[in-house]
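Asks: One structure follows; several queries about it will come next.
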Amino acid sequence: MTTSAELFATAKTLIPGGVNSPVRACKSVGCDPLFIARAAGSKLFTVDGDELVDFVMSWGPMLLGHAHPGVTEAARAAMLDGASYGAPCPAEVAMAQAVVDAVPGIEMVRMVNSGTEATMSALRLARGVTGKDAVIKFEGCYHGHGDAFLAAAGSGVATFGIPGTPGVPEGTVRHTLTVPYNDLDGVAALFAAHDDIAAIIVEPVAGNMGLVLPKPGFLQGLRDLATKHGALLIFDEVITGFRLAYGGAQSVFGIDPDLTCLGKIIGGGFPVGAYGGKRRFMERISPEGDIYQAGTLSGNPVAMAAGLATLAALAQADYAGLAARTESFASTLAGILADKGLPVVRNRIASIFTLFFTESPVTDFATAKTADSARYARFYAHMRGRGVNLAPSGFECAFTSFAHTDADLEKTLDAARAFAG
Ligand SMILES: *Cc1c(COP(=O)(O)O)cnc(C)c1O
């Protein structure tokens with residue numbers, strides 16, 4: 001048997017940091033990663049022979065649970081007919097129809113291979129149709145690793161972002177204007193100071209600084225400001241799409257964005273993203289229009305089959321029931337920690353929640369950062385030692401799924417009861 005420790009040691013000599021995406025290395029919680037042999041339902045099974053109740057769920061996609069039989073069968077059947085054609089296939093049309101039917105703001109859609117590609121492409125489209133260059137993004141929101149979105153969080157209102165990583169040209173991030181989440185006045189001030197704003201991009205419910213909900217009126221305020229100033233409103237629903245509700249956050253909050261980015265859930269675990277929106281904008285995409293965007297593997301038949309099977313199952317799913325179970329679970333979990341005298345703030349919507357170890361309400365990145373990371377690291381390690389896989393960072397979400405059982409949730413609560421703080 002090769003252990004996680006042995007695999008990680010070898011991986012570090014071959015792959016930067018030993019991982020293909022940074023947070024997986026578990027650095028911020030001071031642990032080494034577990035290597036997963038297989039997953040089923042709500043469970044991960046490690047190469048070390050351990051079984052964990054999973055609340056990461058591949059960072060959101062596995063809303064139906066791991067290795068869902070319908071999704072697995074659909075992908076297997078599609079694979080027998082070839083993995084990729086580089087030519088159109090029927091499943092792409094079915095997928096486009098399913099997305100257009102589900103998401104109110106999407107009249108046309110283009111499939112890509114990741115959430116990162118979706119947001120990069122949507123921003124290019126917004127810049128192309130408006131003829132403007134700047135984009136407003138919110139501190140603590142994540143839109144994938146495209147250059148334009150890596151402006152340092154923490155930059156003040158109306159100041160230009162600085163590159164958050166070496167390798168991003170100053171000139172690129174100069175067009176990225178950052179403002180705190182939920183700060184509508186800050187957005188208005190940016191529009192007053194800049195006449196070259198192509199788009200506002202926002203996670204309608206923020207899920208990448210831990211879970212942070214939009215204040216009442218925030219999203220409608222963004223809609224109104226974008227319309228008033230001739231900018232496009234881009235909803236990054238890569239997490240919220242098909243998770244908050246079948247129609248995404250825009251159906252829950254009743255907001256009509258110009259463009260919407262999807263990812264995670266729509267691939268059923270395969271690498272898929274999509275961006276779509278108003279027909280008059282989407283018609284500008286090549287080859288119908290003049291704005292270029294392409295992808296060798298985009299819309300590949302195996303991913304489309306898995307995604308379609310996922311959407312078909314979700315169309316019948318009891319979202320309200322899962323939300324109620326998640327609320328009861330998250331509030332019990334928070335109560336267990338609070339009874340130990342620990343400060344806990346609980347943010348939750350639908351099947352997503354974050355417990356922040358802090359006193360103050362968490363409404364933006366600055367308040368999220370008041371949470372005690374050292375305590376979260378201890379909590380993570382404690383829970384992992386008792387067979388519960390939480391996100392390896394306090395600034396991430398916990399995701400439940402339709403596969404989580406009462407026994408899974410009880411096991412998790414029992415593990416938390418034994419946490420010393
Ligand atoms: C995960 C995520 C992305 C990036 O998606 P990838 O598939 O990792 O490229 C973009 N936006 C949001 C809101 C995300 O959560």
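Asks: Which count do you get for residues in the range 1-24 that are surrounded by 14 or more Cβ atoms within 10 Å (Cβ to Cβ) and at pLDDT below 95?
Replies: 2
Asks: Within the range 178-205, how many residues turn out to be in a strand (DSSP E or B), buried (at least 24 other Cβ atoms within 10 Å of the Cβ) and within 20 Å of the chain's Cα centre (by Cα)? Please lay out each step first, then the result.
Replies: Within the range 178-205, the subset in a strand (DSSP E or B) is 178-180, 197-202.
Then keep just the ones that are buried (at least 24 other Cβ atoms within 10 Å of the Cβ); that gives 178-179, 197-202.
After this cut, where a residue has to be within 20 Å of the chain's Cα centre (by Cα) as well, the list is 178-179, 199-202.
Adding up the residues that qualify gives 6.
Asks: In addition: Is it the case that some residue within the range 238-249 is touching a residue at least 24 places away in the same chain (Cβ under 8 Å) and under 12 Å from A199 (Cβ atoms)?
Replies: Step one: list which residues in the range 238-249 are touching a residue at least 24 places away in the same chain (Cβ under 8 Å), which gives 238-249.
Now drop any that are not under 12 Å from A199 (Cβ atoms), which leaves none.
Within the range 238-249, not a single residue is touching a residue at least 24 places away in the same chain (Cβ under 8 Å) and under 12 Å from A199 (Cβ atoms).
Asks: Same structure again: Could you please let me know if T326 is within 16 Å of the ligand (Cβ to nearest atom), of a type outside the set (G, A, S) and either under 29 Å from A74 (Cα atoms) or touching a His at 6+ places or on another chain (Cβ under 8 Å) (or both)? Spell out how you get there, then give the answer.
Replies: Working: within 16 Å of the ligand (Cβ to nearest atom): no; of a type outside the set (G, A, S): yes; either under 29 Å from A74 (Cα atoms) or touching a His at 6+ places or on another chain (Cβ under 8 Å) (or both): yes.
Judged against the criteria, T326 is not a match.
Asks: A follow-up question, please. Are there helices (runs of 4 or more DSSP H) fully within the range 308-413 with at least 1 residues that are in contact with a helix residue (DSSP H, G or I) (Cβ under 6 Å, 6 or more places away or on another chain)? List them.
Replies: Numbers: elements: 319-338, 365-368, 373-385.
By residue number, 319-338, 373-385.
Asks: Ok, one more. Which one is surrounded by the most Cβ atoms within 10 Å (Cβ to Cβ) among residues in the range 104-122 that are more than 12 Å from V272 (Cβ to Cβ) and more than 15 Å from the ligand (Cβ to nearest atom)?
Replies: I106
Asks: Sticking with this one: Just give me the residues in the range 9-41 being part of a helix (DSSP H, G or I), within 16 Å of the ligand (Cβ to nearest atom) and β-branched (V, I, T), in sequence order.
Replies: First, pick out the residues of the range 9-41 that are part of a helix (DSSP H, G or I): 9-14, 16-18, 22-25, 27-29.
Filter again for within 16 Å of the ligand (Cβ to nearest atom), leaving 22-25.
V23, the sole residue that qualifies.
Asks: Go through the range 300-324 residue by residue and tally those that are farther than 23 Å from N20 by Cβ, of a type outside the set (A, V, I, L, M) and surrounded by 19 or more Cβ atoms within 10 Å (Cβ to Cβ).
Replies: Number satisfying all stated conditions: 1.
Asks: Residues being modelled with pLDDT under 90 and within 19 Å of A274 (Cβ to Cβ): count how many of those fall in the range 138-155. Steps first, please.
Replies: Of the residues in the range 138-155, the ones modelled with pLDDT under 90 are 150-155.
This time we only want the ones that are within 19 Å of A274 (Cβ to Cβ), so: none.
Summing the residues that are modelled with pLDDT under 90 and within 19 Å of A274 (Cβ to Cβ) in the range 138-155 gives 0.
Asks: Do you know which of the residues in the range 135-149 that are among the small types (G, A, S) and buried (at least 21 other Cβ atoms within 10 Å of the Cβ) is farthest from G186 (Cα to Cα)?
Replies: A148
The values are calculated or read from the model by the stated rules, or taken from the named source; none is laboratory data. If you're wondering where the values come from, they're calculated on a predicted model, not measured in any experiment. Glycine also receives a Cβ, built like all others from the backbone with ideal geometry; neighbour counts cover every protein chain displayed.
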